[in-house]
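One structure is given here, and the rest of the page talks about it.
Coordinate-derived values only; no laboratory data. Please read all numbers here as calculations on a predicted model, not as lab measurements.
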Amino acid sequence: MGDESPRERRFARPRLRDHLLAEIDALAIELDETAEATASGRAPISARADYLRARDAHHRAAIGWMAATDRAGLAVVSDALRQCRIALETSRALMRR
């Protein structure tokens with residue numbers, strides 16, 4: 001990172017912010033699709049719990065993205081998105097059983 005030009009450093013954060021926003025948007029669509037499946041009375045309660053955990057992590061990511069002013073803030077967003085993806089995949093795996 002020390003060998004980046006000032007221009008590269010200046011544009012690294014906006015690209016990362018754009019990427020994280022795209023990920024937030026994509027996961028919102030996936031959460032909407034999963035919401036209906038886990039809301040049915042036939043879904044295992046653990047699948048619903050993981051879906052709710054994913055939704056909570058997504059909400060934290062969206063709020064964190066709006067508040068992020070530096071790399072540390074963007075790292076918090078990235079971590080929340082990772083937690084969202086994991087919980088969402090766990091919920092889907094439980095629904096496939």
**Prompt:** Under the Karplus relation 6.51 cos²θ - 1.76 cosθ + 1.60, θ = phi - 60°, what is the ordered set of whole-Hz ³J(HN,Hα) values for region 82-94, x standing for Gly and Pro?
**Reply:** 4, 4, 4, 4, 4, 5, 5, 5, 5, 4, 5, 5, 5
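As an exercise, take the mean of 1/r over every pair of distinct alpha carbons in the chain, invert it, and state the Kirkwood radius in angstroms.
Values: mean 1/r = 0.0694 Å⁻¹.
Kirkwood hydrodynamic radius for the chain: 14.4 Å.
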